[in-house]
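Heads up, the thing below is written out as structure tokens.
The values are calculated or read from the model by the stated rules, or taken from the named source; none is laboratory data. Predicted model, so just to flag it, every value in this text is computed and none were measured. Cβ placement follows ideal geometry from the backbone for every residue including glycine, while neighbour counts extend to all protein chains displayed. Ligands, DNA and RNA are excluded from the accessible area calculation, which covers all protein heavy atoms including side chains. Shrake-Rupley method; radii C 1.70, N 1.55, O 1.52, S 1.80 Å.
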Amino acid sequence: MFGRDYCVLMLVVAVVWLGSDVSSSAACVQAEKQIKTKPNILFIAIDDQNDWIGCLDGHPQVKTPNIDRLAERGTLFSNAHCQSPLCNPSRTSLMTGLRPSSTGIYGLAPWIKSLPEFRDCETLPQYFSNQGYTTYTTGKIYHGGNGRKKTDTEFDVIGTASSVGARPKAKLVNTPAGHRLVDWGVFPHKDEDKGDWKVADWAIKTLEGPLSENKDDAFFLSVGFFLPHVPCYATQKWFDLYPEDGLVLPPIKLGDRQDTPDFSWYLHWKLPEPRLKFLTESNQLANLTRSYLASTSFVDSQVGRVLSALKKSGRAEDTIVVLWSDHGFHLGEKEITGKNTLWEESTRVPLIFAGPGISKGANCREPVELLDIYPTLLELCEFPEKQSLEGHSLAPQLADPNQKRDFPAITTHNHDNHSVRSVRYRFIQYADGSEEFYDLQSDPNEWVNLAGRSELSSLIESHRKFLPENNRRPAPGSAKRILERINGKIIWEGEEIKPGVPVPEL
């Protein structure tokens, strides 16, 4: 029925088909081998954590032994700064690799993936998922429930959500705004009942379970802790670490804001977080200080639990650990509490890398940004460079912490308000053109505004040139803590701040 030529043709086709199949299989095997050689990523986030960390010397009495040990086995970036002093824009910037001034995300809303032009933006966990990693998350990584919905595609496996956990029956401190989250202090409860304990539990079970059993699978595990974000509730054992007798309070200078522009107040015009005036009049400064320190030490203990689980899983040697915070926190400095400023207390954050190929016990003092994390991890994992990223890889500093950088750290809060932080100086320019300039070597508390001094004009200009060229207006749907300057008018959360109106709660 079929001639010889046809049979020969079929044989050739079969050989070619089989060869192609074998070649494809070999390619798949080779790809699997490559992914198995890539380091895993343990991505630890802490909310509202300022520089009150032992290795950062932000407070002389703070006790954070687990984070300090992580720094000892890796590289500490002691001059690291956030892209925005507010949760949603800071985390959005870190995870997308784009500045707030490029996305228009300045407030607590919107979720960036709700904007058509950013719907297909490949975030950091999505990039790793597309490279063959299994991505896991627990706790707070994005703001609110963003990235955790069933319709979201940010992570492959979603674990325990972030929460406060145990609460007292009523607020412990009656703050002026009365917001239920703005509270602090100690009350009878157990550490195991706190939300961060449960987040750590899920991470531990994942590390000691599937990630321990399947050692050939590369993973990206993000763990987001809520504390020391308010409410700063802690159990007695953590409060006892910081007795009020002998407690060192934050460095505060009365009248500090006399040489800062009016626009600096507009950035945090009317917020749930109270002013220094309330803390002093209600005798709450020491209580808040203790609560924040106690909460920090508790979170440090949870970081320790997760790092112990990583070691127990047998995967520590091939895992890069990145620990970071989304922004800092004021505790009376500059006459306020909370974040929402362009000064050191709001912008400076812990940032630590540890793991294979990273210098141990190193301290890099060059200015770096949270924006740099995304390109750094891509280079450490030898993945293709992503051209859209606006940060710069820290791989040179991870190899040599003394390697100089050509870039300062830029923090943005609302439209057209920026801080430029270099090794020694901070330059701030507000949307109305007013400025501040500080020498942090001689003035670490930023008490003396040097802007306007003619002898510093060239130095100030060398910082001004780094201001972002692209300053997008607030994205559609922007809300909560949004400040705009429109036709000379100052608009705070949709309402005009009339000229001469006194600052609230002063």
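Residues that are farther than 27 Å from ASP372 by Cα and crowded, with 17+ Cβ neighbours inside 10 Å: does region 437-450 have at least one? For region 437-450, residues farther than 27 Å from ASP372 by Cα and crowded, with 17+ Cβ neighbours inside 10 Å: present. Might you let me know whether region 345-352 holds any residue that is within 17 Å of ALA80 (Cβ to Cβ), outside any strand (DSSP E or B) and either open to solvent by 40 Å² or more (accessible area, probe 1.4 Å) or small (Gly, Ala, Ser) (or both)? Yes.
Among the numbered conditions (1) at pLDDT 95 or above; (2) over 22 Å from the mean Cα position of the chain (by Cα); (3) outside any helix (DSSP H, G or I); (4) within 22 Å of ALA309 (Cβ to Cβ), the only one that LYS237 does not meet is (3). The set of residues in region 170-199 that are over 21 Å from PHE298 (Cβ atoms) and of a type outside the set (S, T, N, Q) comprises ALA170, PRO176, ALA177, GLY178, HIS179.
Regarding LYS205, is this residue surrounded by fewer than 21 Cβ atoms within 10 Å (Cβ to Cβ), in contact with an Asp or Glu (Cβ under 9 Å, 6 or more places away or on another chain) and assigned to a helix (DSSP H, G or I)?
Numbers: surrounded by fewer than 21 Cβ atoms within 10 Å (Cβ to Cβ): yes; in contact with an Asp or Glu (Cβ under 9 Å, 6 or more places away or on another chain): no; assigned to a helix (DSSP H, G or I): yes.
Criteria not met by LYS205.
For region 459-472, the condition holds for no residue, the condition being that it is in a strand (DSSP E or B), at pLDDT 95 or above and farther than 19 Å from GLY107 by Cα.
For region 148-160, which residues satisfy the criterion of being loosely packed, with under 15 Cβ neighbours inside 10 Å and either acidic (Asp, Glu) or not in a loop (DSSP other than H, G, I, E, B) (or both)? Step through it out loud before you land on a result.
Keep residues of region 148-160 that are loosely packed, with under 15 Cβ neighbours inside 10 Å, which gives 149-153, 157.
Correct list: ASP152, VAL157.
Would you point out which residue out of HIS229, HIS330 is open to solvent by less than 20 Å² (accessible area, probe 1.4 Å) and at pLDDT 95 or above?
Details: HIS229 fails: open to solvent by less than 20 Å² (accessible area, probe 1.4 Å).
Only one candidate passes the filter, namely HIS330.
The residues of region 416-436 that are among the charged types (D, E, K, R), under 23 Å from the mean Cα position of the chain (by Cα) and open to solvent by 40 Å² or more (accessible area, probe 1.4 Å), listed by number, are ASP416, ARG424. Close contacts from region 453-478, counting a first residue that is over 17 Å from GLU436 (Cβ atoms) and a second that is part of a helix (DSSP H, G or I) and small (Gly, Ala, Ser), with Cβ to Cβ under 7 Å and a gap of 6+ residues or different chains, come to PRO468/SER101; ASN470/SER101; ASN470/SER102; ASN471/SER101; ARG472/SER101; ARG472/SER102; GLY477/SER114. Of all residues in region 451-472, those satisfying the criterion of being open to solvent by 60 Å² or more (accessible area, probe 1.4 Å) and among the polar types (S, T, N, Q) are SER454, SER457, SER458, ASN470. Note on region 161-175: residues that are open to solvent by less than 50 Å² (accessible area, probe 1.4 Å) and in contact with a strand residue (DSSP E or B) (Cβ under 7 Å, 6 or more places away or on another chain) amount to 4. For region 34-75, the set of residues classified as open to solvent by less than 10 Å² (accessible area, probe 1.4 Å) and either more than 24 Å from ALA409 (Cβ to Cβ) or assigned to a strand (DSSP E or B) (or both) consists of ASN40, ILE41, LEU42, PHE43, ILE44, ALA45, ILE46, GLY74, THR75, listed by residue number.
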